[in-house]
1. Out of the residues in the range 24-57 that are charged (D, E, K, R) and within 20 Å of residue 68 (Cβ to Cβ), state the one that is surrounded by the most Cβ atoms within 10 Å (Cβ to Cβ).
2. Look at the range 41-71 and say how many of its residues are within 16 Å of residue 85 (Cβ to Cβ), β-branched (Val, Ile, Thr) and more than 16 Å from the ligand (Cβ to nearest atom).
3. Would you check if residue 229 is away from the ligand (no atom under 16 Å from the Cβ), surrounded by 12 or more Cβ atoms within 10 Å (Cβ to Cβ) and among the acidic types (Asp, Glu)?
4. Need a quick list: helices (runs of 4 or more DSSP H) entirely within the range 142-250 having at least 2 residues that are within 30 Å of residue 72 (Cα to Cα).
5. Which count do you get for residues in the range 121-177 that are hydrophobic (A, V, I, L, M, F, W, C) and more than 23 Å from residue 111 (Cα to Cα)?
6. Residue check: is residue 54 among the charged types (D, E, K, R) and out of contact with any Leu (no Cβ under 9 Å at 6 or more places or on another chain)?
7. Given the conditions (1) under 20 Å from residue 220 (Cβ atoms); (2) surrounded by fewer than 21 Cβ atoms within 10 Å (Cβ to Cβ); (3) not aromatic (Phe, Trp, Tyr), and given that residue 104 satisfies all but one, which numbered condition is not satisfied?
8. Does any residue of the range 141-151 turn out to be modelled with pLDDT of 95 or more, farther than 12 Å from residue 191 by Cα, among the aliphatic types (A, V, I, L, M) and within 15 Å of the chain's Cα centre (by Cα)?
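The values are calculated or read from the model by the stated rules, or taken from the named source; none is laboratory data. As the structure is a computational prediction, the values presented were derived from the model and not from experiment. Cβ placement follows ideal geometry from the backbone for every residue including glycine, while neighbour counts extend to all protein chains displayed.
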Amino acid sequence: MADKRPRTALFFDSGIGGLSVLREARVLMPDWHFVYVADDAAFPYGAWEEDALRGHITELFAVLLTQYRPSLSVIACNTASTLAIDHLRKVFPGETFVGTVPAIKPAAERTRSGLVSVLATPGTVKREYTRELIRQYGSKCHVRLVGSNNLAAMAETYMRGEMIDEEEVRREIAPCFMEKDGRRTDIVVLACTHYPFLVNRFRKTAPWPVDWIDTSEAIARRAKSLAGDMETLPVRPNEPDLAVFTSGHPAPEILRLMQGFGLTPVSLETSADPVHP
Ligand code: DGL
């Protein structure tokens, strides 16, 4: 019989974006232990060249899987999932991965106007994976891909408690809004896990109201359903949930944010030692 693993779920993103998924999962999986990994040394993923990023993520996972032995790994990042989820499953066949990919199927099912936009990083917009989702599910509507160079970094700024420029938000989301033959875009897919943190800003600066589709809860439900079938070792009493930073030195505001989420910040190299603000 295979060794039982700890009841640990690892959540992975380039920065703070995956917290939008983690906060949902913690509600649904209260008896699990969580390790949140922010690859902040490599942020932003949206600007990376594909082969280099795939190689980088694979190498990092080799370390993370050995160090934390999670029963479940959630790639809480569209930019990483659309590029590397199939590859990770191939390279680490004994592992369970949950991916995060643009919610094109639900958007295509729900739209009334037939005009849908997908707001994502430039990386996610370029991916063959994303284009295939549109071919598969979005052929009956008009799907516009909108790649933003700045919104993920703006979400980081916002979550550090700093001001962000409303005009810049307006400019970044403006291409999502189409008008065609008297119809208007009625759904925008938030296809980057950083963006749910900015959704109130988006609502405020949008030229007209739309549904903003956020997949965080659906991903958390998928993780819970896979977790339900697993034989795992119970969490040790008082085991803290962790926030791991690949840079080893995140900004003090980010450390406080992690603590606000109930996560104990640690750096990857010395993960036993907490990082102090
Ligand atoms: N949070 C990531 C995503 O869901 C992207 C942020 C970045 O560019 O690193 O796509």
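1. So in the range 24-57, the residues charged (D, E, K, R) come out as 24, 26, 31, 39-40, 49-51, 54.
Next, from what is left, pick out any that are within 20 Å of residue 68 (Cβ to Cβ): 26, 31, 39-40.
Values: 26: 19, 31: 9, 39: 23, 40: 21.
Restricting to residues being charged (D, E, K, R) and within 20 Å of residue 68 (Cβ to Cβ), the top hit is 39.
2. 1
3. no
4. 151-159, 216-228
5. 9
6. Values: among the charged types (D, E, K, R): yes; out of contact with any Leu (no Cβ under 9 Å at 6 or more places or on another chain): no.
Spelling it out, it is not the case that residue 54 is among the charged types (D, E, K, R) and out of contact with any Leu (no Cβ under 9 Å at 6 or more places or on another chain).
7. Only one criterion is unmet by residue 104, namely (2).
8. No.
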